[in-house]
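Q: Just dropping this structure here.
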Amino acid sequence: MKKFAVAGAAIALMSLAACGEKPAAETNNAANEMVVNELDNAANAADNAANAMENVANASNNAVNAAE
């Protein structure tokens, strides 16, 4: 749903730019906030994936240690 909101904000900004109008600060700020939130979410997803890989590595090390 957020992607639709980002796309909608981007369309609004582009349509204003095409008309030569300066976007309202509120619209611009809302669009920027949505993009920042999406980037934060992507960064968090990458962190989660890295943590999951670290957990797998730890589990593998634990299995090796248990076998010794």
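Quick note: the coordinates plus some simple rules give every number you see, no bench work behind them. Everything numeric in this text was worked out from a predicted model, so none of it was measured. Ideal geometry is used to build each Cβ from the backbone, glycine not excepted, and the neighbour counts take in all protein chains shown.
Q: With θ set to phi - 60°, apply the Karplus curve 6.51 cos²θ - 1.76 cosθ + 1.60 along the range 55-62 and write out the HN-Hα couplings as whole Hz, x wherever there is a Gly or Pro.
A: Per residue, the Karplus-derived 3J(HN,Hα) values read 5, 5, 4, 5, 5, 5, 4, 5 Hz.
Q: Report the local net charge at residue 62: Lys and Arg +1, Asp and Glu -1, summed over other residues whose C-beta lies under 14 Å from its C-beta.
A: That sum, taken over residues with Cβ under 14 Å, equals -2.
Q: In whole Hz and in residue order, list the ³J(HN,Hα) couplings for the range 35-49 that follow from phi through the Karplus curve 6.51 cos²θ - 1.76 cosθ + 1.60, θ = phi - 60°; x for Gly and Pro.
A: Running phi through 6.51 cos²θ - 1.76 cosθ + 1.60 with θ = phi - 60° gives 5, 4, 4, 5, 5, 4, 5, 5, 5, 5, 5, 5, 4, 5, 5 Hz.
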